[in-house]
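The structure appears below as structure tokens.
The values are calculated or read from the model by the stated rules, or taken from the named source; none is laboratory data. Remember, it's a predicted structure, so these values are computed and weren't measured experimentally. Positions of Cβ are backbone-derived with ideal geometry, glycine not excepted, and every protein chain shown enters the neighbour counts.
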Amino acid sequence: MTLLHSMTVPLGERSYPIYIGEGLLRDAAWVGELLKARKTAVVSNDVVAPLYADAIHAARSGAETHDIILPDGEVHKTLATASKIFDELIEHRFARDDLIVALGGGVIGDMAGFAAACYQRGIAFVQIPTTLLSQVDSSVGGKTGVNHPRGKNMIGAFHQPRAVIIDIATLSSLPLRELRAGLAEVVKYGLICNPAFFEWLESHAEKLVSRDTETLAYAIYHSCQTKAAIVARDEREQGERALLNFGHTFGHAIESVTGYSSWLHGEAVAAGMLMAASLSERCGLLSRSDVARISSLLQRLGLRTDARGELSAESARLAMSVDKKVQKGRIRLILLRSLGEAFVSDDYPADALTSTLEAHLS
Ligand code: NAD
Ligand code: GLY
């Protein structure tokens with residue numbers, strides 16, 4: 001195995017390491033040290049477990065380990081599915097000092113983390129993210145949860161993992177469409193706070209899509225570092241962390257109106273980021289050429305930039321109004337002051353939002 005990068009998410013007594021490398025899961029002894037516990041539950045799904053659960057069993061080398069295999073897909077990110085995790089933990093008499101391992105993408109990570117947050121009021125868990133999106137975003141920062149039919153991630157808890165193990169080798173089996181969706185969240189970090197990283201992405205777009213290991217490792221490292229720093233300053237999203245939701249309120253509306261099935265989360269975020277940029281332009285903040293640069297990068301990464309014909313502006317507005325970012329009846333959105341500088345706003349002209357929704361959706 002090759003450990004390429006490591007870092008700490010500095011949160012006092014809840015600090016934890018992130019390891020990024022190639023072939024990390026093949027080093028059973030090294031992984032075993034990180035998964036030390038009396039009992040371990042490996043929460044995964046029927047796509048990922050056949051590919052990578054053996055590596056976890058080898059790392060546990062005969063210590064008590066139970067697989068909890070869930071059906072695959074965002075549509076199963078529900079309280080009912082989380083309840084199956086609780087059933088298994090109770091069945092196998094898991095105690096508070098045992099360990100949950102989340103092996104999979106963001107859906108598994110969010111649900112396993114939620115189960116870990118709630119089971120006996122909180123047990124430890126380790127994130128082993130296997131999609132690019134989960135490696136650059138969802139496995140870091142401790143947001144866990146499930147969807148409600150009326151809104152995404154409406155039920156959840158903050159619960160930090162004990163460690164995050166990012167093995168880039170797992171991306172070799174990831175469908176290209178999923179890789180592209182993960183790249184949307186990578187672009188997000190450039191847009192919200194780092195223009196130099198946005199430029200680096202512009203000059204490495206094709207290498208990223210072709211899964212060049214070193215290029216992906218740098219993008220993952222940079223993304224995790226950016227997220228870790230923001231989470232360290234604002235763990236519970238009282239302020240700055242909200243910037244990580246850039247494009248998400250629009251994206252969540254696309255996902256929920258279309259039933260969490262035809263759009264991947266990252267795809268919806270990509271379209272949502274362009275809508276947020278376009279609204280920023282309508283508010284006189286961002287230039288047309290900057291919006292065009294964002295659109296061009298997303299397209300080179302193979303991402304859709306609008307949802308025309310798939311949902312109405314009115315249905316999107318309704319969905320946005322149940323989002324967690326609504327305060328005192330105003331939809332709070334993340335806008336761009338420039339490429340690489342985002343801020344939270346509920347003070348934009350209502351007709352600018354309406355015309356943005358109409359331009360990108362109807
Ligand atoms: P996902 O978990 O559904 O994974 C995408 C698909 O890839 C699934 O079919 C999965 O089984 C498959 N897969 C996973 N790893 C694979 C591999 N190595 N090889 C082959 N197939 C593989 O989707 P995602 O994009 O990883 O995550 C999306 C979820 O993450 C959403 O529910 C979103 O709300 C959540 N999210 C959470 C946070 C957070 O901070 N907690 C941040 C961003 C997104
Ligand atoms: N993905 C948003 C956050 O972690 O805060």
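Of the strands (runs of 3 or more DSSP E) lying entirely inside region 110-217, those containing at least 1 residues that are touching a residue at least 40 places away in the same chain (Cβ under 8 Å), within 16 Å of ligand 2 (Cβ to nearest atom) and over 13 Å from the mean Cα position of the chain (by Cα) are 143-148, 151-158, 163-167.
Could you tell me how many of the residues in region 111-124 are surrounded by fewer than 24 Cβ atoms within 10 Å (Cβ to Cβ) and either at positive phi or within 16 Å of ligand 1 (Cβ to nearest atom) (or both)? Total meeting the criteria: 5. Out of GLY340, GLY251, GLY272, GLY239, one residue alone is under 26 Å from SER134 (Cβ atoms), surrounded by fewer than 23 Cβ atoms within 10 Å (Cβ to Cβ) and touching a helix residue (DSSP H, G or I) at 6+ places or on another chain (Cβ under 7 Å). It is GLY340. Any residue in region 126-135 that is more than 8 Å from ligand 1 (Cβ to nearest atom) and in contact with a Lys or Arg (Cβ under 6 Å, 6 or more places away or on another chain)? Within region 126-135, one or more residues are more than 8 Å from ligand 1 (Cβ to nearest atom) and in contact with a Lys or Arg (Cβ under 6 Å, 6 or more places away or on another chain). Residue check: is ARG332 touching a Lys or Arg at 6+ places or on another chain (Cβ under 8 Å), surrounded by fewer than 22 Cβ atoms within 10 Å (Cβ to Cβ) and among the basic types (Lys, Arg)? Taking the combined requirement at face value, the residue satisfies it. Applying the set (1) surrounded by fewer than 18 Cβ atoms within 10 Å (Cβ to Cβ); (2) away from ligand 1 (no atom under 16 Å from the Cβ); (3) of a type in the set (Ser, Thr, Tyr) to SER262 leaves exactly one unmet item: (2).
For region 230-262, a tally of residues being part of a helix (DSSP H, G or I), more than 15 Å from the chain's Cα centre (by Cα) and within 11 Å of ligand 2 (Cβ to nearest atom) returns 1. Checking ASP46, ASP27, ASP97 one by one, the residue that is closer than 27 Å to LYS227 by Cβ, surrounded by fewer than 19 Cβ atoms within 10 Å (Cβ to Cβ), touching a residue at least 24 places away in the same chain (Cβ under 8 Å) and acidic (Asp, Glu) is ASP27 and no other. Has region 168-177 got any residue that is of a type in the set (A, V, I, L, M), near ligand 1 (Cβ under 10 Å from one of its atoms), out of contact with any Asp or Glu (no Cβ under 7 Å at 6 or more places or on another chain) and under 27 Å from ALA49 (Cα atoms)? Within region 168-177, one or more residues are of a type in the set (A, V, I, L, M), near ligand 1 (Cβ under 10 Å from one of its atoms), out of contact with any Asp or Glu (no Cβ under 7 Å at 6 or more places or on another chain) and under 27 Å from ALA49 (Cα atoms).
The single condition among (1) more than 15 Å from ligand 2 (Cβ to nearest atom); (2) touching a strand residue (DSSP E or B) at 6+ places or on another chain (Cβ under 9 Å); (3) more than 19 Å from GLU235 (Cα to Cα); (4) modelled with pLDDT of 95 or more that GLY105 does not satisfy is (1).
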